[in-house]
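Working notes for the structure below.
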Amino acid sequence: MKSFAVVDDAPLDAKRLETLILGYGKEHGLSFAVDCYSSPVRFLSEFKGQYDLIFLDMEMPLMNGMSLAREIRKNDESVALIFVTNFSQYAINSYEVQAMDYLVKPVEARSFVPKFERALSRLRQQSQKNILLKTETGIRKVDLEEVSYVEVRGHYLFFHTTEGIFKVRGLMKNLVGNPDFQKDFYLCNRGYLVNLNAVTGVDGLRILLGKESIAMSRLKKSEFMDALASYYGTRKN
């Protein structure tokens, strides 16, 4: 399910966007969730990276859309943003916050649909690389390419990434069965799932991951080496 937020201090405008989003989903058999916020301050207090796309009204009291977008970018560099404005020239600097597009009020279906479809297409491309981790402190969006390996300890998974280690409650068997991890990751033993793209070498039964190394099962070595060779062979083609 895709999740969207609409931040607009005009209730009728927010409701209009919500209706367009849910109507498109119903018409195309897609499941969407939409949250509407009349206050940018309240939105920021509740934003934990849980949305795929955020619609931002450019003209709001206390904090306009551009200021809100800058605050969002401090915590989430990848969430898609679309500005909604009364005047198209207000969106001219949207590149500063990597906004995806803008809509001019009053938003009509004929202008909404093509831009929304373009946004959905980009979200589908991004979803092939990103996952949402439900950590103990909130939700974290992580690029799979930035995950070096996943370690299991008891009922918890530890995602070792370029941005730190994130602890998530879960089972390794569920992760191995996840299609997102079946292409680029390999279970080198019962406790470690390794990103093949992060492997910098193999030393005996140690898999080298930059400055780190982890042990692999002796019974898994031959299979792992085949998987590694196949992975890099595929990437070269």
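Bear in mind that the values in this text are calculations on the coordinates, not laboratory data. From a predicted model like this one, the values you see are computed outputs, not experimental measurements. Cβ placement follows ideal geometry from the backbone for every residue including glycine, while neighbour counts extend to all protein chains displayed.
What relative contact order, as a whole-number percentage, does the stretch 2-127 give when Cα pairs under 8 Å and 6 or more residues apart are counted?
Once divided by the residue count of the stretch 2-127, the mean separation gives 23 percent.
What is the helix-to-structure angle for 109-127, meaning the angle in degrees between its Cα long axis and the longest Cα principal axis of the chain, kept from 0 to 90 and rounded to the nearest 10?
Roughly 20 degrees between the two axes.
Counting DSSP beta bridges in the chain, what percent are antiparallel, to the nearest 5?
65 percent
With N set to the residue count of the stretch 16-62, report its C-alpha Rg divided by 2.2 N^0.38 Å to two decimal places.
That ratio works out to 1.30.
How large is the translational diffusion coefficient of the chain in µm² per second when you combine the Kirkwood radius over alpha carbon pairs with Stokes-Einstein at 4 °C and 1.567 mPa s?
65 µm²/s
State whether the stretch 131-236 is rounded, prolate or oblate according to the following rule on the C-alpha gyration tensor (a ≥ b ≥ c being the square roots of its eigenvalues): a/c under 1.5 gives rounded; otherwise a/b larger than b/c gives prolate, and the remaining case gives oblate.
Since a/c reaches 1.5 and a/b is larger than b/c, the shape of the stretch 131-236 is classed as prolate.
Distance cut-off 29 Å, Cα to Cα: go down the list 26/48; 48/115; 167/220; 2/221 and report the pairs above it.
Listed pairs above 29 Å: 2/221.
Taking a temperature of 10 °C and a viscosity of 1.306 mPa s, what whole-number D in µm²/s does Stokes-Einstein yield for the stretch 174-237 with Rh from Kirkwood over alpha carbon pairs?
132 µm²/s
Which order, highest average first, do 78-84, 156-162 follow once you tally other Cβ atoms within 10 Å for each residue and take the mean per peptide?
The densest-packed peptide leads the list: 78-84, 156-162.
Loop only by DSSP, 15 or fewer other Cβ within 10 Å of the Cβ. Give me the GluC sites (Glu not before Pro) in the stretch 115-223 that pass, ordered by residue number.
136, 163
Going by the alpha-carbon gyration tensor, a ≥ b ≥ c the square roots of its eigenvalues, is the stretch 145-189 rounded (a/c under 1.5) or, if a/c is not under 1.5, prolate (a/b greater than b/c) versus oblate?
oblate
Rounded, prolate or oblate: which fits the stretch 2-127, taking a ≥ b ≥ c as square roots of the Cα gyration tensor eigenvalues, rounded meaning a/c under 1.5, else prolate when a/b beats b/c?
In terms of gyration-tensor shape, rounded.
How high is the FRET efficiency from residue 212 to residue 75, r the C-beta distance, R0 25 Å, rounded to 0.05?
For R0 = 25 Å, the calculated efficiency reads 0.40.
Specify the angular offset, from 0 to 90 degrees and rounded to the nearest 10, of the alpha carbon long axis of helix 11-28 from the longest principal axis of the alpha carbons in the chain.
50 degrees
How far is helix 65-75 tilted off the main Cα axis of the chain, in degrees rounded to 10, range 0 to 90?
Relative to the chain, helix 65-75 is tipped by roughly 10 degrees.
Take the chain, mark every one of the trypsin sites (Lys or Arg not before Pro) that falls in a DSSP loop and has at most 12 other Cβ within 10 Å, then report the longest stretch left between them, sites excluded.
1-182
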